[in-house]
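Undergrad: Starting off with a structure, shown below.
Quick note: the coordinates plus some simple rules give every number you see, no bench work behind them. Here the structure is a predicted model, which means the values were calculated and not measured. Cβ atoms come from the backbone with ideal geometry, glycine included; neighbour counts cover every protein chain shown.
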Amino acid sequence: MAENAATVADIAKLFNKIKCIISDVEGTTTSLAFVRNTLKSYFLDNLHEHLTKNWDDSELQDILLKTKFETDSSDSISNIEDACSFIIRLSDTEPITYSFRQLQARIWSEGYSSGELKGHLFPDVVPAFKRWSQDGKRIFLYSSGLELSQKLLFTNSIAGNVLEIISGCFDTTVGSKYEPNSYDMILKKLECQPGEVIFFSDSIKEVKAASKAGVIAVIMDREGNLPLDQSAKDMFPVVSSFEAMIEHGFYFEY
Ligand SMILES: [Mg+2]
């Protein structure tokens, strides 16, 4: 796995200046397979039953109507079968809309409650985040998954309820992860200067956007992620785990 040791070591030297650590979720704290296979399958497998059980729920109807509006669709959602077909069709299209994500969160919430879903976290995530919290850093998540979905994952993770190590979650209500403005917005909310925040993500587009906003950005190249372009590796430091950051000295020495 690629690791640009020299550059990571340079970043590690900035540890004392860092106030907040922001992490992407899919491909960074959590495997792509969990999001793209486990969560997606659970959603599709339980969609029909969820619609059937909750068809008269006004919140569900509101989500379906908004999803139709956001996707500018002419599909019928007037009965359970039509709504189900509409949502299944959308599940393979990008970008996923905010209301669609609300529907996903409703269904995942049931899976997490029943224990059928357990949020995947790579084994180094909780130890590293705990260590950095003890060092006085605040840890945040920034994902295109809703704040609610992020909280569900960390509350019901394979490592137990670890939500307390997270100071807050950002989702696309602050803007797209590909836009530097979104990181400006986050910096404002955190009341931090750009050099006081570090962002980890497996996405070169996200890392570029964060970097344009002046945020220190590191690429996470997890096992099971899509291969990185050489140009991405040349541009940004790359680590294969948060543990690797600690190995390079990214911690407070007492
Ligand atoms: Mg990602």
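Undergrad: State which entries of Lys68/Lys151; Lys53/Lys189; Lys40/Lys188; Lys151/Lys233 exceed 29 angstrom in Cα-Cα distance in the structure shown.
TA: Values: Lys68/Lys151 26 Å; Lys53/Lys189 39 Å; Lys40/Lys188 33 Å; Lys151/Lys233 31 Å.
From Lys68/Lys151; Lys53/Lys189; Lys40/Lys188; Lys151/Lys233, over 29 Å: Lys53/Lys189; Lys40/Lys188; Lys151/Lys233.
Undergrad: For the pair Lys212 and Asn54, how long in nm is the line joining their label points, each one 7 Å along Cα→Cβ?
TA: 3.6 nm
Undergrad: Another question about this same structure. Would you mind giving the three semi-axes, in whole Å and largest first, of the ellipsoid equivalent to the range 90-201 according to its Cα gyration tensor? Intermediate values should be presented prior to the final figure.
TA: Working: eigenvalues 115, 89, 21 Å².
Working through the eigenvalues yields semi-axes of 24, 21, 10 Å.
Undergrad: For the range 12-74, compute Rg over Rh where Rg is the Cα radius of gyration and Rh is the Kirkwood radius from the inverse mean 1/r over Cα pairs. Intermediate values should be presented prior to the final figure.
TA: Working: Rg = 19.0 Å, Rh = 15.4 Å.
With Rg and the Kirkwood Rh in hand, the quotient comes to 1.23.
Undergrad: Applying 1/(1 + (r/R0)^6) with R0 = 41 Å to the Cβ-Cβ distance of Asp135 and Ser78, what FRET efficiency is obtained, to the nearest 0.05? Walk me through the intermediate numbers first.
TA: Values: r = 55 Å, r/R0 = 1.35.
Result of the calculation: an efficiency of 0.15.
Undergrad: At a threshold of 8 angstrom on Cα-Cα distance, excluding pairs fewer than six apart, so keeping six or more, what relative contact order does the range 68-164 reach in percent? Show your work: numbers first, answer last.
TA: Values: 64 pairs, mean separation 24.2, N = 97.
It comes to 25 percent, rounded to a whole number.
Undergrad: Ok, one more. Give the Rg (one decimal place) followed by the Dmax (whole number) of the range 35-114, computed from C-alpha coordinates and expressed in Å.
TA: Reported Rg and Dmax, both Å: 11.6, 35.
Undergrad: For the residues Trp55, Trp132, what sequence is obtained by ranking on other C-beta atoms within 10 Å, fewest first?
TA: Numbers: Trp55 13, Trp132 24.
Taking fewest neighbouring Cβ atoms as first place, the list is Trp55, Trp132.
Undergrad: Quick check for me: using +1 on Lys/Arg Cβ and -1 on Asp/Glu Cβ, what's the dipole size of the range 122-254 about its Cα centre, in debye to the nearest 20?
TA: Details: 13 positive and 18 negative charges, 60 e Å.
Computed about the Cα centre, the dipole is about 280 debye.
Undergrad: Just how far, in whole angstrom, is the range 111-146 from the range 46-72 if you go by their alpha carbon centroids?
TA: The range 46-72 and the range 111-146 have Cα centres separated by 29 Å.
Undergrad: Rank by packing, highest mean first: peptides 30-43, 204-217, 87-100, with packing defined as the count of other Cβ atoms within 10 Å averaged across residues.
TA: Details: 30-43: 17.1, 204-217: 20.6, 87-100: 14.7.
Highest-to-lowest ranking by the protection proxy: 204-217, 30-43, 87-100.
Undergrad: So what's the back-of-envelope 222 nm ellipticity for the chain, counting only DSSP H runs of four-plus at -39500 (n - 2.57) apiece and dividing by all residues, rounded to 500? Mind showing how you got there, number by number?
TA: Details: 11 runs with 115 residues, N = 254.
After summing the helix terms and dividing by residue count, I get -13500 deg cm²/dmol.
Undergrad: Could you grab the relative contact order for the chain? Cα pairs under 8 Å, six or more apart, rounded to a whole percent. Don't jump to the answer; show the numbers that get you there.
TA: On the way: 385 pairs, mean separation 78.1, N = 254.
Relative contact order here is 31 percent.
Undergrad: For the range 35-114, what does the relative contact order come out to in percent, with C-alpha contacts under 8 Å and a separation of six or more?
TA: 38 percent
Undergrad: How big is the convex hull of the Cα atoms of the chain, per residue, in Å³?
TA: So the per-residue Cα hull volume is 125 Å³.
Undergrad: Stretch Glu253-Thr173 to full length: gain in nm at 0.36 nm per residue minus the Cα-Cα span? Let's see the in-between values first.
TA: On the way: separation 80, 0.36 × 80 = 28.80 nm, distance 3.66 nm.
Contour length minus the Cα-Cα distance gives 25.1 nm.
Undergrad: Turning to a different aspect of this structure: In Å, what Rg and Dmax follow from the Cα atoms of the range 142-221?
TA: 12.8, 36
Undergrad: Right, another one. GluC sites (Glu not before Pro) within the range 72-123: which are DSSP loop residues with at most 14 other Cβ atoms inside 10 Å?
TA: Here the GluC sites (Glu not before Pro) that fit, given the DSSP loop and packing criteria, are Glu116.
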